[in-house]
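Here the structure comes first, spelled out in C-alpha cells, and everything after it is commentary.
What follows draws every value from the coordinates through simple rules; no lab data is involved. Here the structure is a predicted model, which is why all the values come from computation and not from measurement. Note that we place each Cβ from the backbone using ideal geometry, even for glycine, and neighbour counts take in every protein chain shown.
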Amino acid sequence: MNQTTAQLPRPVLFDHDGGVDDFLSLLLLLLLDEAELTGISITPADCYAETAFETTHKLLSLTDKKHIEVSVGHYHGINAFPADWRAKPKMLNALPDLINVACPQKLEHAENSCDFFVRKLSAALVPVTVLLTGPCSNLVLAFEKHPGIKTKIKEIVWMGGAIDVHGNVRTYNHDGTAEWNVFWDPASAGKLFKAGIPLTIVPLDTANHVPVTFEFLRKLAAQASAFYAHLAGQFWATTIDTIPSYDYTYFMWDVLTSSYLAIPEAFTLQEMELDVVTAGPSAGKVFRAPGTGQWVQVATNVDKAFFYTFLFEKLTSDRGH
C-alpha cells in the first residue's frame, strides 16, 4: 500500500534554549517516525550559546543526522535566566558518551536564527510545524523581518506559560505568576499570540503532571544496554542539583511538549482566549482574557501512563545506533 501524505512525517523546525530538557527533546525528535527534523535554532536563554551549539552537534552526530542545519540566535531577552542554570548544560559535553564526539562546525560560522527561519520557511514546499521549547523570540523576529513566512507554518507548538497554576519564576520584584520561557521575553510572547497562526501551548498546568521520577530513572537504568536509554539517564542525572535537593522536582516540560508531535491523542486540549502581561511585577504571566484575548489551543491534561510508556519505548528502541 502506498504511503499517503497524511502518513508522511511532518516537517519540523525546532527552536530550543539549551537546557537538559531541551536536549532530551532533541534526542526524542531524532527518534520519532512522525516528525522529520529539517532544521534547528538555538536561543541563548537557558544556556550559553557555545555549549548548546556543541551539544546539539554532538547529538546529531550520535544519531547520524549531521546533515541537519543548526542556527544560533543573537537576541538576548529582557529577563535573563540565572547564570548557574545557563552554565549547567556544559556538564553534558563532558559525559563519557559525548566528550570524544567532535563538533564539526564553529559557532561563529552559524547562521543567525532569524535569517535561518526566513530562509527555511520561504523555501518550504509544504506547511511546517515549528516546535519551541525555549522562548519564542527568534521566530517572532523572523516574522517581523519577513511577515510572508507565516503562511508556510501549519502549527506552532510551544512549551510556555502557566495559566491556572503558579509560575516557576522566582526573582526580584516579580510575583511568581510567570513561566520562564514567557518571562525571558514577554513582549515577543504577546506578539506570538497575536500572529494569527495556529498555536498550541503546553503550559506548566500540564507539564507539572510529568515529573522525572526516580522510579522512571531506575526503569531506564535497567535498560542501560540500550544506548539512548543510557544517554538519557545520564542527562537526567545531571539535573538532580538543578533544584535544591530538599525540594527536588525536575519535570519533563520540553520532552512532554515534543511528544505532542507523535501522540496528540494523549493530550486533552481546550481552546482558550489568552493574553500576556508584558511588563511589571507580573511580566510574562499568561492569563485568560475572554473577549479581548487571542484564541490559543492549550494542553490542559495528559494521559501520564500513555506518555511514560511512549517515552520509554522510544528511548529503548536504539533505532539507528
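Tabulated values for the structure
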| quantity | calculated |
| --- | --- |
| Interchain or long-range residues, amide H under 5 Å from S71's placed H | I40, S41, I42 |
| Additional length obtainable on full extension of the chain from K194 to D115, 0.36 nm per residue less Cα span | 26.3 nm |
| Added length on full extension, which subtracts the Cα-Cα distance from 0.36 nm per residue, A123 to I240 | 37.9 nm |
| Förster radius 30 Å - calculated FRET efficiency between A80 and N208, Cβ distance, rounded to 0.05 | 0.80 |
| Average Cα contact separation per residue, the chain, under 8 Å, 6 or more apart, as relative contact order % | 19 |
| Other-chain or far-sequence residues with amide H under 5 Å of E179's (modelled H) | G161, A162, N168, V286 |
| Amide H partners (placed H, <5 Å) of Y260, local residues excluded | none |
| Mean-position separation - Cα centroids, region 77-105 and region 30-76, in angstrom | 12 |
| Cα gyration tensor shape of region 261-321, rounded if a/c is under 1.5, else prolate or oblate by comparing a/b with b/c | prolate |
| Distance in nm between pseudo-label sites at K219 and A102 (7 Å out along the Cβ direction from Cα) | 4.0 |
| Highest-fluctuation residue, G293, G160, G73 considered, GNM on the chain with Cα pairs under 10 Å | G293 |
| Shape category assigned to the chain from the gyration tensor of Cα positions, a/c cut at 1.5 | rounded |
| Estimated vicinal HN-Hα couplings, Hz - region 250-257 in sequence order (Karplus 6.51, -1.76, 1.60; Gly, Pro = x) | 10, 9, 8, 3, 7, 5, 4, 4 |
| Cα shape, region 213-320, gyration tensor, a/c 1.5 rule | oblate |
| FRET E, pair A187, T151, Förster distance 22 Å, beta-carbon r, rounded to 0.05 | 0.40 |
| Difference of contour (0.36 nm per residue) and Cα-Cα distance, Q297 to S61 | 81.5 nm |
